Every structure is written in structure tokens, then in C-alpha cells.
1. What FRET efficiency, computed as 1/(1 + (r/R0)^6) with R0 = 25 Å and r the Cβ-Cβ distance, is obtained for R108 and Q69, rounded to the nearest 0.05?
2. Fewest to most neighbouring Cβ within 10 Å: what's the order for I88, I160, I136?
3. With +1 on each Lys and Arg Cβ and -1 on each Asp and Glu Cβ, and nothing else charged, work out how big the dipole of segment 30-160 is about its Cα centre, in Debye to the nearest 20.
4. Please compute the length gained on full extension between S126 and A42, using 0.36 nm multiplied by the number of residues separating them and subtracting their Cα-Cα distance.
5. Taking the Cα centre of each part, how many Å lie between segment 105-151 and segment 42-56?
6. For a Förster distance of 35 Å, can you work out the FRET efficiency between the beta-carbons of R143 and Q93, rounded to the nearest 0.05?
Amino acid sequence: MRGRNAAAGCAVAAWAALSSCIAGEAVAQYADGAATFAANCAVCHGAAGAGQSALAPPLTSYPARYAAQGEGRRQLALTVLYGMFGAISVDQQKYNFKMPDFSRFDDRALAAVLNFVVFDLGHAPSATQPLGAAEIASEREHRLDGAAVREHRALVLGIIGG
């Protein structure tokens with residue numbers, strides 16, 4: 001009986017996954033991060049991270065590129081911890097916004113939301129390592145304001161190009 005119940009459970013799980021694919025729904029690799037994103041970030045960046053013209057930039061390309069190197073990973077952590085404000089350009093579009101800080105979230109939650117952005121929205125290559133809570137914790141020790149975070153972003157873009 002135990003084998004039959006396990007097989008039935010696997011069949012139900014497979015059907016649910018297949019149904020999601022057929023319905024066009026992507027299953028998030030970082031579900032905890034997806035939930036945090038939906039509740040806190042999607043209002044400005046959109047549910048799919050495509051951004052909103054003149055309000056918030058898209059998150060579908062740069063974060064995946066940032067996650068591939070050290071200073072870029074640092075930029076991701078700084079941005080969610082301390083926010084960012086001032087004029088920036090993303091994909092030839094100009095934005096002058098004030099992203100709030102999310103330092104009220106614990107390091108694990110911030111790493112999860114960044115991994116959702118990097119992998120689920122940005123489709124980073126599999127060789128890219130997920131961000132860890134320790135990386136977020138390390139940046140918590142170096143408090144910056146949103147303008148300094150924007151300045152660091154300019155440094156990162158000089159490294160990765162953009």
C-alpha cells in the first residue's frame with residue numbers, strides 16, 4: 001500500500017507541474033524570494049520584473065550580470081539593504097527614482113529575493129552561484145545611503161560594461 005500511495009503522490013505532483021507549464025505559469029526556483037518580491041517589489045518593478053517606464057527599471061538583465069562577479073554581487077546586496085536614489089540609465093532608458101531600503105528583512109530573506117531576481121527573472125547562467133545570507137550580512141556592516149549605492153553601481157558598470 002505504501003508504494004501505491006507514493007506513486008499516486010508522485011503522479012499528482014507531476015500533474016501539477018505539467019499543468020503549470022501548460023497554463024504558461026513558470027514555477028519559481030526561489031519560491032520564498034518570489035513571495036517577498038510579489039509583496040514588496042512588484043508594485044514598482046512589475047510582477048515579471050519588466051519595470052515601469054519613468055518609475056522603476058527592469059530587473060531582467062542587469063542583476064544576472066551583476067551576480068557573475070564580486071562587486072556586482074556586492075551591488076545587489078547594497079541595493080536591497082540601503083535602497084538607491086538618483087538618475088540612472090538601464091537599457092537606454094532613464095530613471096530618476098528613490099528605491100526604498102529593505103534592511104528590515106533578515107539576510108536569508110534578502111538573499112532569497114535576490115536569487116529570485118537573478119535566476120527566476122534574470123535567467124542567470126547555471127554557472128552563477130546563488131547569493132547567500134552571509135553576503136548580505138557582510139554588507140550590513142558597511143552602512144551606505146542610497147546616493148552612495150548609486151555611485152557604487154557606476155563603478156560596477158565600469159567593470160562589467162553597460
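Values quoted throughout were computed directly from the atomic coordinates according to the rules given, and no laboratory measurement underlies them. Please read these numbers as outputs of a predicted model, since none were measured by experiment. Every residue, glycine as well, gets a Cβ built from its backbone with ideal geometry; the counts of neighbours run over all protein chains shown.
1. It comes out at approximately 0.65.
2. Fewest-to-most Cβ neighbours within 10 Å comes out as I160, I88, I136.
3. With only Lys, Arg, Asp and Glu charged at Cβ, the dipole is about 240 debye.
4. Additional length available on full extension: 27.8 nm.
5. 18 Å
6. It comes out at approximately 0.75.
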